[in-house]
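The values are calculated or read from the model by the stated rules, or taken from the named source; none is laboratory data. No experiment lies behind these values; they were computed from the predicted model shown. So basically every Cβ, Gly included, is an ideal-geometry build from the backbone, and we count neighbours across all protein chains shown. What goes into the accessible areas is simple: the full protein's heavy atoms, side chains included, and nothing from ligands, DNA or RNA. Shrake-Rupley method; radii C 1.70, N 1.55, O 1.52, S 1.80 Å.
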Amino acid sequence: MKKLLLTVWFAGLAVLAQAQLYDPSAFDKKYDGLLKHPGVQLESAEAINQMYNYKFYDADKEFRWLRVRYPKHPMPYFLMGLAEWWKIVPNTDVTDYDDRCLALMDTTITLAEKLYDESDNKLEPSFFLAAAYAFKGRLYSERKKWTKATFAGKNALKYFEKCKGNADFSPELLFGDGMYDYYAQWIPENYPLLKPILMFFPKGNKVNGIKELEKTANSAFYTRVEARYFLVQIYSMENQYDKAYELSKYMHEQYPDNPFFERYYARSAFVTGRLNEAERISKDLLAKIERTQSGYEAVSGRTAAYILAYINQLFYKNLPEAKKYYQLSVDFAKQTNSTNAGYYWSSVLGLAKIATEEKNYDLAQTYFKEVMDKAERKSTQYKEAKKALDDAKKARREERRKRRE
């Protein structure tokens, strides 16, 4: 009997402690928005972690509960739309999730516009308007719908401007500053044809943009992972490979079933010479693809297969294994219609070199010609294939000359 009373007493204390820790009605009275609302962060934290770890069914249940609690607020719809976007991330050529993603972002915009009109706090609705338009712009640009992408981008920028300089209100608002500052300089440097469009926009600053994204990555709640998603790519583009390695490794540890972060972990470990890690992660990627795990598909496969082929060829001197993985990388590249990309060229070039070592010169020549046919003329793969073919021609001419003598 005493044990039963003690159990009831402790259970009561636990309920009381939980009520003191988080009383939703008390929080709702204190906070005029959800971005800074600790209770909403408590409710959504697990769902957001599930989403980034590709447990979308579990995340969706929690997001729907938020929608029940706050039916007129844009946040639940934005988070649900964000989940649809992350289903697209592993292979942006897949269009299966486009309609739902765009519809949820449109609902976010509709509710945020109403909130903007009715609320004294313009910063929170401005954030959701900027974010929803930005994601629409990202998706439209992936689909090469440039007019729609430009329109969405202009609207995103309009609301980013309203958020600019207000990181003291919420660190989430710094995300837009960092994104704009970096890409407003990066885009004209890498896509000169877009310069005329961007000349009417404020100038960017890549250094400041990286700093702002790093601050967001360390202090924000809702945009923390998004900032890290971009930083992993930016570090690689800026040849800061050690930073890309450290961040992608950390994110893989946080979200071990996120294919994007795992793929970047394998890539950055490989580029920085951490071959044991690169090999282990690449094998894990292929195993997850083999069992059709959510988000793991041919884009990750071509990366993992190439890494394993390279390691087997150059370090283990295991040509049969190298050949197997190079061919697998080629197959994955064909599945994703990416024969115009580096992994395909390098894999075919690797097969050509193995065929040469095996004295299968006709097959090697076929592979070298394939590289020259598909690769860009300025690429190292094209130059290497061309040199190999030229050397082979010279060798044959020399052989014929010796026979005549």
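List of remarks:
- Cα-based shape type of region 121-243, given that a ≥ b ≥ c are square roots of the gyration tensor eigenvalues and the cut on a/c is 1.5: oblate
- Counted over all Cα-Cα pairs of region 338-377, pairs farther apart than 11 Å make up 54 percent.
- The chain, helix-only ellipticity at 222 nm - DSSP H runs n ≥ 4, -39,500 (n - 2.57), divided by all residues, nearest 500: -25500 deg cm²/dmol
- Asp242, Asp331, Asp362, ranked by accessible area, largest first (probe 1.4 Å): Asp362, Asp242, Asp331
- Sorted largest first, extent of region 50-204 alpha carbons per principal axis (Å): 46, 40, 25
- With 10 Å bins beginning at zero, the pair-distance distribution over Cα atoms of region 28-138 amounts to 15, 46, 33, 6, 0 %.
- Debye log10 I(q)/I(0) for region 170-303, one point scatterer per Cα, at q = 0.09, 0.18 Å⁻¹: -0.31, -0.99
- Highest to lowest packing among 114-123, 56-65, 175-184, scored as the average C-beta count within 10 Å: 175-184, 56-65, 114-123
- Cα pair distances of region 208-275 binned at 10 Å [whole percent]: 23, 56, 20, 1
- By average C-beta atoms within 10 angstrom, highest first, the peptides 96-109, 386-399, 368-381: 96-109, 368-381, 386-399
- Ranked by the mean number of other Cβ atoms within 10 Å of their residues, highest first, the peptides 346-355, 141-150 fall in the order 346-355, 141-150.
- 37 °C / 0.692 mPa s Stokes-Einstein diffusion coefficient of the chain, Kirkwood radius on C-alpha pairs, µm²/s: 136 µm²/s
- Taken over the C-alpha atoms, region 243-327 has Rg and Dmax values of 12.2, 36 angstrom.
- Choice from Pro74, Pro192, Pro259 showing the highest fluctuation, given a GNM over the chain with Cα pairs closer than 10 Å: Pro192
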